[in-house]
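Presented below is the structure to which this report refers.
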Amino acid sequence: MSGSGRLQGEVALVTGSTSGIGKAIARRFGTEGARVVVSGRDPGRGAAVVNDIEDLGGEAAFIPADLSAEGAGASLVAAVKERFGALTVLVNNAVASAAGKDGPVDQLELEAWDAILRVNVSAPMQLAAAAIPLMRESGHGSIINISSRAGHRGSKGRAAYTASKGALNALTLSIAVDYAADGIRCNTISPGYVINEVRDADITPERRAYYQGMHLTRLGEADDIAYAAVYLASHESDFLTGSLLPLDGGGSAARGLTLG
């Protein structure tokens, strides 16, 4: 895509972008003129997202990464620089799967705690550390951390996940303060429950109603998060840094039918 778009001239890395929220962000960035690096652990799904972006007139490449591995963040950013020569937008969307591992602290194994925090907090920190010098070279940059409502209030039986998202929110504030003078901004999006095409393929009406009750409006869709990410990545939000945006259909404004 050439000549137009709110992200024209930007180079964006979106982690965990082979499905769900990350996929929607990568696609939307591509349609807005950014050159996009899709990243994740599944080459087949990654290639499919790249094809989607190219079919929509954008430019994209897939670079595989397992962010639980030591040094993976720095290696990924180096690969982005080699492919596109720059990096101006970083979206930390990859998340550790906590299914069957997380729990209350008295039932939580240290190995599971470490694994969840490694991907949800340490990897975003390492990616940001590697990306910031490239953003300085470009004269501007935007780091967008995808958090969760769990980072703002307790989530029953998910001690590691909740702690990791709270830490990610605090990391956002630290980056915003430390790099504002370099023209580098950092903000967080905290989604409510967002329908996922894989996880929720067979969702029951009862379960859907339960999740609906967490919001004042409706269940979230991946594109809802992508629209906000485009704004935070663009120069339209140059005045905005250090924000923790609850994008949850009003769920943080008042209790819905359920606590979530």
Any idea what the alpha-carbon Rg over 2.2 N^0.38 Å comes to for the range 11-247? 0.97
At what distance in angstrom do the alpha carbon centres of the range 70-108 and the range 1-41 lie from each other? 16 Å
Quick check on the exposure proxy: order VAL50, VAL91 from fewest to most C-beta atoms within 10 angstrom. VAL50, VAL91
Can you list the HN-Hα couplings for the range 14-21, worked out from phi with the Karplus curve (6.51, -1.76, 1.60; θ = phi - 60°), rounded to whole Hz and with x for Gly and Pro? 10, 7, x, 10, 8, 6, x, 4
Net charge within 13 Å of ALA201 by Cβ-Cβ distance, Lys/Arg positive one each and Asp/Glu negative one each, not counting ALA201 itself? 0
To two decimal places, what compactness ratio does the range 200-253 give when its Cα radius of gyration is scaled by 2.2 N^0.38 Å? 1.42
Rounded to whole angstroms and listed largest first, the alpha-carbon spread of the range 1-122 along its three principal axes comes to 56, 25, 24
Starting from the Cα of SER174, step 7 Å along the direction of its Cβ; do the same at LEU56; then give the gap between the two resulting points in nm. 3.3 nm
Nearest 10 degrees, 0 to 90: what angle lies between the long axis of helix 222-233 and the longest principal axis of the chain (Cα atoms)? 50 degrees
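Can you put ASP248, ASP114 in order of Cβ neighbours within 10 angstrom, beginning with the fewest? Don't jump to the answer; show the numbers that get you there.
Working: ASP248 25, ASP114 12.
Going from sparsest to densest Cβ surroundings: ASP114, ASP248.
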Amide hydrogen neighbours beyond the local backbone of GLY251, cut-off 5 Å, H modeled: LEU216
Using only the alpha-carbon atoms, how far is helix 72-84 inclined from the longest principal axis of the chain? Give it as 0 to 90 degrees, nearest 10. 40 degrees
Only Lys, Arg, Asp and Glu count, each charged at its Cβ (+1, +1, -1, -1), so figure out the dipole size of the range 11-247 about its Cα centre, rounded to 20 debye. 380 debye
Note down the net charge around PRO191, summing +1 for each Lys or Arg and -1 for each Asp or Glu among other residues with Cβ under 12 Å from its Cβ. -2
Taking θ = phi - 60°, what integer Hz values does the Karplus form 6.51 cos²θ - 1.76 cosθ + 1.60 yield along the range 53-58, in sequence order, with x for Gly and Pro? 5, 5, 5, 8, x, x
Final fewest-first order of LEU219, LEU67, LEU56 on the 10 Å Cβ neighbour count is LEU56, LEU219, LEU67
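Relative to the present Cα-Cα distance, how much length would full extension add between ALA48 and GLN8 at 0.36 nm per residue of separation?
Values: separation 40, 0.36 × 40 = 14.40 nm, distance 2.26 nm.
Taking ALA48 through GLN8 to full extension adds about 12.1 nm, to one decimal.
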Using just the helices of the chain, give the 222 nm mean residue ellipticity in deg cm²/dmol: DSSP H runs with n ≥ 4 each add -39,500 (n - 2.57), and the total is spread over all residues, rounded to 500. -12500 deg cm²/dmol
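Below 8 Å between Cα atoms, with a sequence gap of 6+, how large is the relative contact order for the chain in percent?
On the way: 536 pairs, mean separation 47.3, N = 260.
Computed value for the chain: 18 percent relative contact order.
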Rounded to whole Å, give me the distance from the Cα center of the range 116-135 to that of the range 178-251. 20 Å
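Using +1 on the beta carbon of Lys and Arg, -1 on that of Asp and Glu, and nothing else charged, what's the dipole of the range 1-61 about the Cα centre, debye to 20? Before the final figure, lay out the partial values.
Working: 7 positive and 7 negative charges, 40 e Å.
Dipole size: approximately 200 debye.
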Give me a comma-separated list of calculated 3J(HN,Hα) values for the range 25-36, in order, Karplus coefficients 6.51, -1.76, 1.60 applied at θ = phi - 60°, integers in Hz, x for any Gly or Pro. 5, 4, 4, 5, 4, x, 5, 8, x, 6, 7, 10
Taking 7 Å along the Cα-to-C-beta vector as the label spot, tell me the SER68-ALA86 distance in nanometres, rounded to one decimal. 3.6 nm
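Just so you know, all these numbers are worked out from the coordinates, no wet-lab data involved. Since the structure is predicted, the reported quantities are computational estimates derived from the model, not experimental observations. When we count neighbours, we look across all protein chains shown, and the Cβ atoms used for this are built from the backbone with ideal geometry, even at glycine.
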